[in-house]
Amino acid sequence: MISKIGKIQKIANAQNVAPIALNTSLPISLKVSEKIGFNRYILKFANRNLNTKSAKQLDIGANYWAEIESNNENILIKNMFKKPEILNFGILPQGLNLIERVIKENDLALFCEHICDSLMNAKDKESFKIYTDMFLALQEKIVHIPFLYNEIYGIFQFKKGQKESAFYLAFSNFAPILFRLDEKGIVSISTPFKKVANLLNYEFSCKIETCQISPLWDKSGKIIDIKG
């Protein structure tokens, strides 16, 4: 599992070597700074403010992934996909080690015990909030772990089913991805962006599809129904 996380972040890093790449092959991060008129917004991209029009209503202050292209003096922004709120809530510095441990032990009871111990011994408000989120997700039988990988913030979520399991992976600098697995390995990988799907085809030998996806768990308690 850790190797898959590393493989995804390797793809992201390879596509983000330039500070501002307007013809990037992968989605970039944007923040909606303000609304300045009917369907017109100011978007913050890297160190630039972009004045753009959007038929889709955007949330002020929210962060999005989007595809961006330039043609002479024009900048085209398309396929804006709002980042999940859980990407804004806390970082667990030892998160990668915890992911590795959970996968190795394959025991949610031990994971629950670790969360409860961490809640009781939390030294600050931030840590308490993080472990509270992890505990709430676990009530839905979902492993939720925020982590750092090469100084990049990410979210790992996992739900085990009888016949099929799933894990959701999102980095702050990369589009979200949903993996579905069975006992033989990865069955399929889903992402909202076609360009990301095309790159994943070079790295994984399984079904790659472009579709809307959501975290397995978020703060509203909504989950994806994993059959099995």
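Details
- Near the amide H of F156, within less than 5 Å, lie the amide hydrogens of I145, F147, all on another chain or at least 5 residues away, with H placed in the peptide plane.
- Out-of-range pairs (alpha-carbon distance over 29 Å; input K44/K195; K159/K194; K104/K184; K129/K194; K35/K125): K129/K194; K35/K125
- Segment 78-228: Cα Rg divided by the 2.2 N^0.38 Å rule of thumb: 1.04
- For segment 53-127, GluC sites (Glu not before Pro) meeting the loop criterion (DSSP other than H, G, I, E, B) and having at most 13 other Cβ atoms within 10 Å: E73.
- Annotation note: trypsin sites (Lys or Arg not before Pro) in segment 86-124 located in DSSP loop regions with a Cβ neighbour count of at most 14 within 10 Å are K123.
- Cα gyration tensor, segment 139-228 - rounded (a/c under 1.5), prolate or oblate: oblate
- Extension reserve of the K184-S127 stretch, reckoned as 0.36 nm per residue once the Cα distance is removed: 16.9 nm
Every number in this text was worked out from the coordinates using simple rules, so none of it is lab data. A quick note: this is a predicted structure, and the numbers were derived from the prediction, not measured. For neighbour counting, all protein chains shown are included, and Cβ atoms are generated from backbone atoms with ideal geometry for every residue, glycine included.
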